[in-house]
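Enquirer: Below is the structure I would like to discuss, written out as structure tokens.
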Amino acid sequence: MKAVKAVSATIIVIIVGIWVLISGLTVDVPVGQVGVRTQVYGIFGSKGLVPRDFGPGWHRDLGPIDEWQLFDGTVQTLEMTRNPERGSVQGRDDIRVTSADGSTISVDATVKYRIMPGQAHKVLVNTGKGDAYKRVVRNEVENACIDLLGAMRTEDFYNPAPRRKKQAEVKARLAASLADNFVEVLDILIRDVQFEPAYEEKIRRKKLADQEVELNKSLARAEEMRGKTQVIEAETKKLTQIIVEEKDAKLKRMEADTGLEITKLRAAFNLYAEQKKADADLIVAQREAEGQLLVKQSEAEGERLRNAAMRGVGGSTIVALEAARNLNLSEVTISTMDTDLLDLDAMATKLGARAEPK
């Protein structure tokens with residue numbers, strides 16, 4: 001049991017010793033940073049700066065033999081602003097620019113930059129340890145803005161186009177100057193511009209005057225347009241009246257044409273009706289004449305047949321019949337001995353009727 005405990009204690013001591021040895025002989029470069037090693041003594045190689053960058057991870061650190069410097073390898077932001085709570089440094093840190101016409105202008109600028117990949121060891125040689133390169137970036141930004149923006153007139157700062165043009169020139173100058181310091185400029189933004197109070201008041205008065213001039217121009221244009229509007233309204237009213245009159249005249253012409261057409265149709269209809277009525281009357285007259293002719297012909301034929309009948313047996317019979325009708329038997333005395341009243345044929349013969357030939 002004692003032997004096990006001794007072995008366990010020995011293993012723990014060895015592990016702790018190895019950890020202490022590794023910790024004492026290595027350096028940890030965090031993510032986002034770049035390490036630069038300088039060999040102070042030439043025991044394990046050449047003395048001096050190791051000409052390469054070391055990325056994140058564990059690297060040798062042999063105590064006094066090796067010396068390490070860490071640099072920020074990410075994209076960094078330099079913010080120079082008049083707002084003491086937002087800048088990269090405490091307090092007011094804006095860029096004071098004197099314009100071409102002598103006005104003092106406050107400029108806020110934001111710059112995005114980084115150490116060129118693989119060039120951190122050269123930054124150490126060129127500008128020194130720590131954040132010395134950041135002071136170089138700040139000085140270059142300030143100098144470039146003062147020189148290039150200072151070439152602008154005060155009123156040009158209000159115009160976005162000249163400002164963007166100068167901003168591009170500042171970026172180009174910084175890219176060239178900081179490249180010698182192994183720093184890459186990604187972009188620069190001129191965010192805000194502020195003028196001194198006296199010039200602000202001057203600009204305000206000028207803007208008010210310009211606005212008054214524009215207002216007067218607008219009023220004049222409005223009056224001019226009002227006159228044009230009145231002319232247009234009068235012309236429109238006139239054209240409307242003409243259109244209405246033309247419409248009324250056209251309607252009247254259409255009504256007249258329609259009335260004339262109706263009259264023509266009515267006259268044609270009346271003529272047609274008269275013609276048809278005349279034709280009907282003619283047909284009726286013809287039918288009446290034909291009927292009368294037939295009646296006359298029938299009467300003549302009847303008379304002819306009567307006359308013919310009168311000339312024959314039938315005629316004598318009719319005469320006898322008429323004679324019989326005309327007899328007044330109340331005044332005549334007839335002897336039944338001589339006349340047989342029941343012998344009708346003898347009676348008819350006596351009255352004038354002739355016997356039918358056999």
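Enquirer: Condition first: part of a loop (DSSP other than H, G, I, E, B) and not small (Gly, Ala, Ser). Now tell me which residues in segment 33-44 satisfy that. Outline the logic, then answer.
Expert: The initial filter retains those residues of segment 33-44 that are part of a loop (DSSP other than H, G, I, E, B), namely 40-44.
The answer is Val40, Tyr41, Ile43, Phe44.
Enquirer: Can you tell me which residue among Gly57, Gly91 is outside the structural domain of Ala176 (by TED's automatic domain parsing), of a type in the set (Gly, Ala, Ser) and farther than 23 Å from Ala175 by Cβ? It would help to see each step written out before you state the result.
Expert: Values: Gly91 fails: outside the structural domain of Ala176 (by TED's automatic domain parsing).
Among Gly57, Gly91, only Gly57 is outside the structural domain of Ala176 (by TED's automatic domain parsing), of a type in the set (Gly, Ala, Ser) and farther than 23 Å from Ala175 by Cβ.
Enquirer: OK, next. If you go through segment 153-169 one residue at a time, do you hit one that is of a type outside the set (Phe, Trp, Tyr), in a loop (DSSP other than H, G, I, E, B) and under 22 Å from Val89 (Cα atoms)? I'd like the intermediate steps shown before the answer.
Expert: Step one: of segment 153-169, the residues of a type outside the set (Phe, Trp, Tyr) are 153-156, 159-169.
Then keep just the ones that are in a loop (DSSP other than H, G, I, E, B); that gives 153, 159.
From what's left, under 22 Å from Val89 (Cα atoms): none.
No, every residue in segment 153-169 fails to be of a type outside the set (Phe, Trp, Tyr), in a loop (DSSP other than H, G, I, E, B) and under 22 Å from Val89 (Cα atoms).
Enquirer: Check whether at least one residue in segment 130-140 is assigned to a helix (DSSP H, G or I), closer than 14 Å to Ser99 by Cα and either in contact with a strand residue (DSSP E or B) (Cβ under 7 Å, 6 or more places away or on another chain) or of a type in the set (Ser, Thr, Tyr) (or both), and report yes or no. Before the answer, list the steps.
Expert: Pass one, segment 130-140, residues assigned to a helix (DSSP H, G or I): 132-140.
From what's left, closer than 14 Å to Ser99 by Cα: none.
So far as segment 130-140 goes, no, none of its residues is assigned to a helix (DSSP H, G or I), closer than 14 Å to Ser99 by Cα and either in contact with a strand residue (DSSP E or B) (Cβ under 7 Å, 6 or more places away or on another chain) or of a type in the set (Ser, Thr, Tyr) (or both).
Enquirer: Which one is modelled with the lowest pLDDT among residues in segment 177-212 that are exposed (fewer than 15 other Cβ atoms within 10 Å of the Cβ) and assigned to a loop (DSSP other than H, G, I, E, B)?
Expert: Taking the candidates together, the pick is Glu196.
Enquirer: Regarding Leu70, is this residue free of Cβ contacts under 8 Å to residues at least 60 places away in the same chain and on the phi < 0 side of the Ramachandran plot?
Expert: On the way: free of Cβ contacts under 8 Å to residues at least 60 places away in the same chain: yes; on the phi < 0 side of the Ramachandran plot: yes.
When the stated conditions are applied, Leu70 passes them.
Enquirer: Checking Asp101 against (1) under 23 Å from Leu189 (Cα atoms); (2) modelled with pLDDT under 90; (3) surrounded by fewer than 13 Cβ atoms within 10 Å (Cβ to Cβ), only one condition comes out false. Which one?
Expert: Single failed check for Asp101: (1).
Enquirer: Name the residue, out of Val141, Val136, Val123, Val111, that is within 30 Å of Val34 (Cβ to Cβ), in contact (Cβ under 8 Å) with a residue 60 or more places away in the chain and over 53 Å from the mean Cα position of the chain (by Cα). It would help to see each step written out before you state the result.
Expert: Working: Val141 fails: over 53 Å from the mean Cα position of the chain (by Cα); Val136 fails: in contact (Cβ under 8 Å) with a residue 60 or more places away in the chain; Val111 fails: over 53 Å from the mean Cα position of the chain (by Cα).
Among Val141, Val136, Val123, Val111, only Val123 is within 30 Å of Val34 (Cβ to Cβ), in contact (Cβ under 8 Å) with a residue 60 or more places away in the chain and over 53 Å from the mean Cα position of the chain (by Cα).
Enquirer: Looking only at segment 89-125, count every residue that is over 27 Å from Phe157 (Cβ atoms) and part of a strand (DSSP E or B) and tell me the total.
Expert: Total meeting the criteria: 2.
Enquirer: What residue, among those in segment 48-64 that are small (Gly, Ala, Ser) and modelled with pLDDT of 90 or more, is nearest to Lys122 (Cα to Cα)? Walk me through how you get there before you give the answer.
Expert: Step one: list which residues in segment 48-64 are small (Gly, Ala, Ser), which gives 48, 55, 57, 63.
Now drop any that are not modelled with pLDDT of 90 or more, which leaves 55, 57.
Values: Gly55: 15, Gly57: 21 Å.
Result: Gly55.
Enquirer: Against the condition within 30 Å of Thr74 (Cα to Cα) and in a helix (DSSP H, G or I), how does Lys217 come out, does it pass? Spell out how you get there, then give the answer.
Expert: On the way: within 30 Å of Thr74 (Cα to Cα): no; in a helix (DSSP H, G or I): yes.
The answer is no for Lys217.
Enquirer: Same structure, new question: Within segment 189-211, does at least one residue satisfy the condition of being under 30 Å from Leu124 (Cα atoms), in contact (Cβ under 8 Å) with a residue 40 or more places away in the chain, out of contact with any Cys (no Cβ under 7 Å at 6 or more places or on another chain) and assigned by TED's automatic domain parsing to the domain that holds Val125? Let's see the steps before the verdict.
Expert: From segment 189-211, those under 30 Å from Leu124 (Cα atoms) are 189-190; that's our starting set.
Imposing the further condition that a residue be in contact (Cβ under 8 Å) with a residue 40 or more places away in the chain reduces the set to 189-190.
From the residues that got through so far, the ones that are out of contact with any Cys (no Cβ under 7 Å at 6 or more places or on another chain) too are 189-190.
Then drop every residue that is not assigned by TED's automatic domain parsing to the domain that holds Val125, which leaves 189-190.
Looking for residues that are under 30 Å from Leu124 (Cα atoms), in contact (Cβ under 8 Å) with a residue 40 or more places away in the chain, out of contact with any Cys (no Cβ under 7 Å at 6 or more places or on another chain) and assigned by TED's automatic domain parsing to the domain that holds Val125, one finds at least one in segment 189-211, hence yes.
The values are calculated or read from the model by the stated rules, or taken from the named source; none is laboratory data. Because the structure is a prediction, the values reported are computed rather than measured. Using ideal geometry, Cβ is built from the backbone for each residue, glycine included, and neighbour counts are taken over all protein chains shown.
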